[in-house]
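The values are calculated or read from the model by the stated rules, or taken from the named source; none is laboratory data. Nothing here was measured: the structure is a model prediction, and the numbers come from that model. Note: ideal-geometry Cβ built from the backbone for every residue, glycine included; neighbour counts use all protein chains shown. Surface areas here come from the heavy atoms of the whole protein model, side chains and all, with no ligands, DNA or RNA. Shrake-Rupley method; radii C 1.70, N 1.55, O 1.52, S 1.80 Å.
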Amino acid sequence: MNENPYQPINGEIVEIIEESPTIKTFVIVLEEPFKFETGQFVELTLPGEGEAPFTPSSSPAETEKMEISIMKAGRLTGLLHQCNKGQMVGIRGPYGNGYPVDDFVGKEIYIVGGGVGLAPIRSLFLTLVDRIKDFKSVVCRFGAKTPDDFIFKTTLFGSWQDIAGVDMKLTVDEAKGKWKDNVGVVTTILSPKDVKINNAVAVVCGPPIMMKFATLKLLDFGFAAKDIYLSMEKNMSCGIGKCGHCMLGKYYVCKDGPVFTYDQIKDYPDIWA
C-alpha cells in the first residue's frame, strides 16, 4: 500500500470489454506491481472527476494489471463508461478485508451470485481454481435477469463449466434466444443436496434483495450464520474509515469488511437496505 493513503498509483486503461448492456470490464496496466487479496477493494480515480470504490474482478495472482468490472449507475460510472483505451486513471488501496480463503481449505465452497456481484466472485473463483485441490468442491449458482445480462460470458458459458472440482448451474429471470437452462431467480437453483452443509461455507454476492433471500434460504438449509460470507459493498466512499458513510452497526464496511459473516451483522437493522 502507498505510504500516503490518498495518493493513487497511476495506471492506463489498455482494454475495455463490453460485458452486458450496463457493465464494462476495464483492463488497467499499473505503473508498478499492485497486490491485493480476493474480496478487498480499491479506489479508482478518474483524474479531474472523482473516485469510487470497486472490487477487482481479476485474480490477485496478476500483479502487473488489474481488471475492474463496472456497472453504469451514476455520474462517475457513466463517465468511466465513456472512456476509451489509453485513458489514464489512478488506483489506491487495497482496502478492507477479503475472503479468508485459507480457512476454506478442506471444505466445500457454495457460491451464490448475481448481476454485477459476479465481479468480486470472479476474483474469488479464479483464486479457488488456482488451488482447486485444496477444497472438496467449488459449487457455483449464478443468476442474471436475462442471458444478455450475464457478465464474463465467454468463460462462464465455456471453460469454467469444464473445470474438474467445479459444479456450476446458471439461471435467468427471463429466458431469451436459445436459453435452455433454468428460468427463475437464483434461489430456485439452490438445494441442500448441493453440498454437505456440515463441511461447507457459503459465499453470497449480488444485489441486496438477492443476498437477503439467498441468505435466508441457506439458513433454512442448515448453514450456520458464521459460515455464510457476504460482500457488503454498498455505501462505501472514502475507503479508509474517515467519512462514516458506510457504517453498518459498529462496523465501518471499508475497514472491517467488505466481507463479513452473516453472524457478524445479522442483528443490525436494515443491513439489506
Karplus 3J(HN,Hα) series, Hz, for segment 176-190 with 6.51 cos²θ - 1.76 cosθ + 1.60 (x for Gly, Pro) | 9, x, 9, 4, 10, 8, 5, 10, x, 5, 4, 5, 6, 10, 8
Those cysteines in the chain that have no second cysteine Cβ within a distance under 4.7 Å are 83, 140, 205, 246, 254
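Quick check: residue separation of residue 12 and residue 181 times 0.36 nm, minus the Cα distance between them. What number comes out in nm? Can you show the working numbers first?
On the way: separation 169, 0.36 × 169 = 60.84 nm, distance 3.85 nm.
Gain on stretching residue 12 to residue 181: 57.0 nm.
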When we measure straight from the Cα of residue 35, which lysines land under 20 angstrom away, once same-chain ones fewer than 8 places off are left out?
-> 65, 255
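Mind ordering 93-100, 215-222 by average Cβ neighbours within 10 Å, highest first?
Numbers: 93-100: 21.0, 215-222: 16.2.
Most protected by this proxy first, the peptides run 93-100, 215-222.
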Rg and Dmax [Cα atoms of the chain; Å; Rg one decimal, Dmax integer] = 17.9, 52
Phi angles of segment 52-69, converted by Karplus (6.51 cos²θ - 1.76 cosθ + 1.60, θ = phi - 60°) into ³J(HN,Hα) in whole Hz with x for Gly and Pro, give 7, x, 9, 8, x, 9, 8, 6, x, 5, 8, 9, 8, 9, 9, 10, 10, 9
Under 5 Å from the placed amide H of residue 135, counting only residues 5+ away or on other chains, we find 106
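Can you tell me the accessible area per residue over segment 61-162, all protein chains present, probe 1.4 angstrom, in square angstrom?
Accessible area per residue, segment 61-162: 40 Å².
With a 10 Å radius around each residue's Cβ, average the other Cβ atoms per peptide and rank 153-162, 65-74, highest first.
65-74, 153-162
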Per-residue HN-Hα couplings for segment 115-127, Karplus 6.51 cos²θ - 1.76 cosθ + 1.60 at θ = phi - 60°, whole Hz, x for Gly and Pro?
-> x, 5, x, 6, 5, x, 5, 4, 4, 5, 4, 4, 5
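How much FRET efficiency would the formula 1/(1 + (r/R0)^6) give for residue 161 and residue 199, where r is the Cβ-Cβ distance and R0 is 22 Å, rounded to 0.05?
After rounding, the FRET efficiency stands at 0.35.
Do you know the relative contact order of segment 181-273, to the nearest whole percent, from alpha carbon pairs under 8 angstrom that are 6+ apart?
Details: 105 pairs, mean separation 24.1, N = 93.
Once normalised by length, the contact order is 26 percent.
Run through the DSSP bridge list for the chain and note the antiparallel percent, rounded to the nearest 5.
Values: 32 of 58 bridges.
Here the antiparallel bridges make up roughly 55 percent for the chain.
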Take segment 153-273, compute every pairwise Cα distance, and split them into 5 Å bins from 0; I just need the percent in each bin.
-> 2, 10, 17, 18, 18, 14, 11, 7, 2, 0
For segment 1-71, calculate the relative contact order in percent as a whole number, restricting contacts to Cα pairs under 8 Å that are 6 or more residues apart.
-> 31 percent
Given charges at beta-carbon only (K, R positive; D, E negative), |dipole| of the chain in Debye = 680 debye
Would you pull out the residues with amide H under 5 Å of residue 69's amide H, same chain only if 5 or more places away, H placed 1.01 Å from N?
-> 26, 57
Of all accessible heavy-atom area on segment 27-150, the percent that carbon and sulfur account for (1.4 Å) = 48 percent
Taking the alpha-carbon centroid of each part, what is the distance from segment 127-172 to segment 228-273 in angstrom?
-> 27 Å
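In Å², what does the accessible area per residue of segment 1-55 work out to with a 1.4 Å probe? Display every interim value, and only then the final one.
Details: 2730 Å² over 55 residues.
On a per-residue basis, segment 1-55 sits at 50 Å².
How large is the translational diffusion coefficient of segment 107-193 in µm² per second when you combine the Kirkwood radius over alpha carbon pairs with Stokes-Einstein at 25 °C and 0.890 mPa s?
Working: Rh = 13.2 Å.
Using the Kirkwood radius from Cα pairs, D works out to 185 µm²/s.
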Could you work out the relative contact order of the chain, using alpha carbon pairs under 8 angstrom and six or more residues apart, expressed as a whole percent?
-> 18 percent
